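> Supplied in structure tokens, the structure appears directly below.
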Ligand code: AMP
Ligand code: MG
């Protein structure tokens, strides 16, 4: 007996955000500053020949949706109770206040009832909005594949993230100068439909405070807490502090997971920080391959490396502090906001300790483990060493000898054997020769979406072949499992061809 399925038309749609927060009186219109609002109604631009290329059967299940063609999810048609809009927000970009940003290439179709709550469905790349500033509102296939695959992969790694429902190729070319070096060229366009409880960001709140519009700030905070933090209240200092502590905890939790798996977001601007502590806005992100904490994939950040892997926890705190400043005007005793920052640091520290305990198979973190971990971090940086393979192999070693970990090293002749064996013995003793390897295997994924893996999927998809993208989507549903049939192809250090290739070792914000 088949279960009755929804179509996009028959989903139960809501417009809570539009109903409860102030919006733009004009519909659509050219890019401009729009003070005192949270959103502008705007319709997607229909693409010339939309085709559904990738479909997340899991997200579809959550919404009870049957697989449609590409028309609606490509932005070609508004159906049912959809009421599309672009959100207005601001943000600190690379440490500087950037003023109004907003959804420049994202258009929310509406909020729809899912099995576990109401979810916002948003098209990324469906055309101009009043917040598009100088850009075209479109997205290229390359960045859309990266968003689709990575957000689904993150979910299966157990990391809070926005999700993807679909990827539609538009049949349109989009001009991009990938490396911003004066070489623009046409690329195939695409639209991803992404899904989250909401796409509210730290910058959604900041924009009102920074333009002195406290009534709208208050309105937005009340709306957010009422629908998304139902156990909290936006009433008075006590309520606000407890809500913000929750946000700080979720943010710290998300970042500790990034550190666990070697994920580098690449653009942790405050407009890219979800109020739900979800990984959001997949742009020039990357995965640490050889363990180098100062690595960032984002070429725009190549000189200052603000968003390098090892600095993500501190940047998280900096971003939370900007959110706290934004909420400050609603507080009587603003000094109490420092408690929230303490909560961020405490949560991160707790998570970081349990993360290391799990990665190393220690039943419990002890203060004396600090040196074991710092020595490990130093050793991992001595010669080029693959983070994922190292920890995965460590979850299987039978004796404290570096030989069984050789595959993690790019050049086995350079392995600092003595140093490693000393460390391995120390670790082995600490675990009484019985590291909890079952726990280790749940903390150390075998497969992550390495930059070159995504690039292979992109190269094929640009020729119309989505089989690699499909294979990676399936593979990354079970990142902690052995999946031996995929091993030869995907359980690999970065191949040499990818060392300096654009899209693999270097990524730009161009998307
Ligand atoms: P991001 O760096 O992706 O977080 O983007 C920062 C801001 O630029 C956001 O307000 C985006 O909506 C906007 N933006 C980025 N790319 C485009 C584009 N192709 N068209 C319009 N707006 C864009
Ligand atoms: Mg963004």
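> Taking residue 276 as meeting all but one of (1) away from ligand 2 (no atom under 12 Å from the Cβ); (2) in contact with a helix residue (DSSP H, G or I) (Cβ under 6 Å, 6 or more places away or on another chain); (3) in a loop (DSSP other than H, G, I, E, B), write down the number of the exception.
Of everything listed in (1) away from ligand 2 (no atom under 12 Å from the Cβ); (2) in contact with a helix residue (DSSP H, G or I) (Cβ under 6 Å, 6 or more places away or on another chain); (3) in a loop (DSSP other than H, G, I, E, B), residue 276 misses just condition (2).
> Can you find even one residue in segment 55-65 that is part of a strand (DSSP E or B) and touching a strand residue (DSSP E or B) at 6+ places or on another chain (Cβ under 9 Å)?
Checked segment 55-65: at least one residue is part of a strand (DSSP E or B) and touching a strand residue (DSSP E or B) at 6+ places or on another chain (Cβ under 9 Å).
> Let me ask another. Hey, among 488, 471, which residue is in a helix (DSSP H, G or I), farther than 17 Å from residue 156 by Cα and not assigned by TED's automatic domain parsing to the domain that holds residue 167?
Unique residue meeting the criteria: 488.
> Let me ask another. How many residues does segment 253-267 contain that are without any contact (Cβ under 8 Å) to a residue 60 or more places away in the chain and surrounded by fewer than 22 Cβ atoms within 10 Å (Cβ to Cβ)?
Residues in segment 253-267 being without any contact (Cβ under 8 Å) to a residue 60 or more places away in the chain and surrounded by fewer than 22 Cβ atoms within 10 Å (Cβ to Cβ): 0 in total.
> For segment 82-126, give me each residue that is within 13 Å of ligand 2 (Cβ to nearest atom), more than 20 Å from residue 211 (Cβ to Cβ) and in a strand (DSSP E or B).
106, 122, 124
> Can we say residue 19 is more than 29 Å from residue 470 (Cα to Cα), at pLDDT 95 or above and part of a loop (DSSP other than H, G, I, E, B)?
Spelling it out, it is not the case that residue 19 is more than 29 Å from residue 470 (Cα to Cα), at pLDDT 95 or above and part of a loop (DSSP other than H, G, I, E, B).
> Inside segment 131-140, can you point out the residues that are more than 15 Å from ligand 2 (Cβ to nearest atom) and surrounded by fewer than 23 Cβ atoms within 10 Å (Cβ to Cβ)?
Residues satisfying the conditions are 134, 136.
> Looking at segment 279-321 only, could you name the residues that are within 16 Å of the chain's Cα centre (by Cα), within 16 Å of ligand 1 (Cβ to nearest atom) and not in a helix (DSSP H, G or I)?
Listed by number, the residues that qualify are 279, 280, 281, 282, 283, 284, 285, 286, 296, 297, 298, 307.
> Hey, another quick one. Can you say whether residue 166 is surrounded by 18 or more Cβ atoms within 10 Å (Cβ to Cβ), closer than 19 Å to residue 104 by Cα, within 24 Å of the chain's Cα centre (by Cα) and not assigned by TED's automatic domain parsing to the domain that holds residue 267, as far as the supplied structure shows?
no
> Name every residue in segment 282-311 that is more than 16 Å from ligand 2 (Cβ to nearest atom), surrounded by fewer than 24 Cβ atoms within 10 Å (Cβ to Cβ) and farther than 15 Å from residue 450 by Cβ, in order of residue number.
Result: 293, 294, 299, 302, 303, 304, 305, 308, 310, 311.
> Restrict the check to segment 142-158 and report whether at least one residue is assigned to a strand (DSSP E or B) and either modelled with pLDDT of 95 or more or more than 27 Å from residue 92 (Cβ to Cβ) (or both).
For segment 142-158, residues assigned to a strand (DSSP E or B) and either modelled with pLDDT of 95 or more or more than 27 Å from residue 92 (Cβ to Cβ) (or both): absent.
> Something else: Collect the residues in segment 124-149 that are within 23 Å of residue 463 (Cα to Cα) and within 14 Å of ligand 1 (Cβ to nearest atom), keeping them in residue-number order.
124, 125, 126, 138, 139, 140, 141, 142, 143, 144, 146, 147
> Looking at 210, 231 in this structure, which one is farther than 30 Å from residue 293 by Cβ, within 16 Å of ligand 1 (Cβ to nearest atom) and over 24 Å from the mean Cα position of the chain (by Cα)?
Unique residue meeting the criteria: 210.
> Quickly run through segment 75-88 and pick out the residues that are touching a residue at least 60 places away in the same chain (Cβ under 8 Å) and either away from ligand 1 (no atom under 16 Å from the Cβ) or surrounded by fewer than 24 Cβ atoms within 10 Å (Cβ to Cβ) (or both).
Passing the criteria: 79, 80, 81, 82, 83.
> Something else: Taking the criterion of being crowded, with 19+ Cβ neighbours inside 10 Å and in a strand (DSSP E or B), would at least one residue in segment 209-229 satisfy it?
no
The values are calculated or read from the model by the stated rules, or taken from the named source; none is laboratory data. Everything quoted here is computed from the prediction, not taken from an experiment. Glycine also receives a Cβ, built like all others from the backbone with ideal geometry; neighbour counts cover every protein chain displayed.
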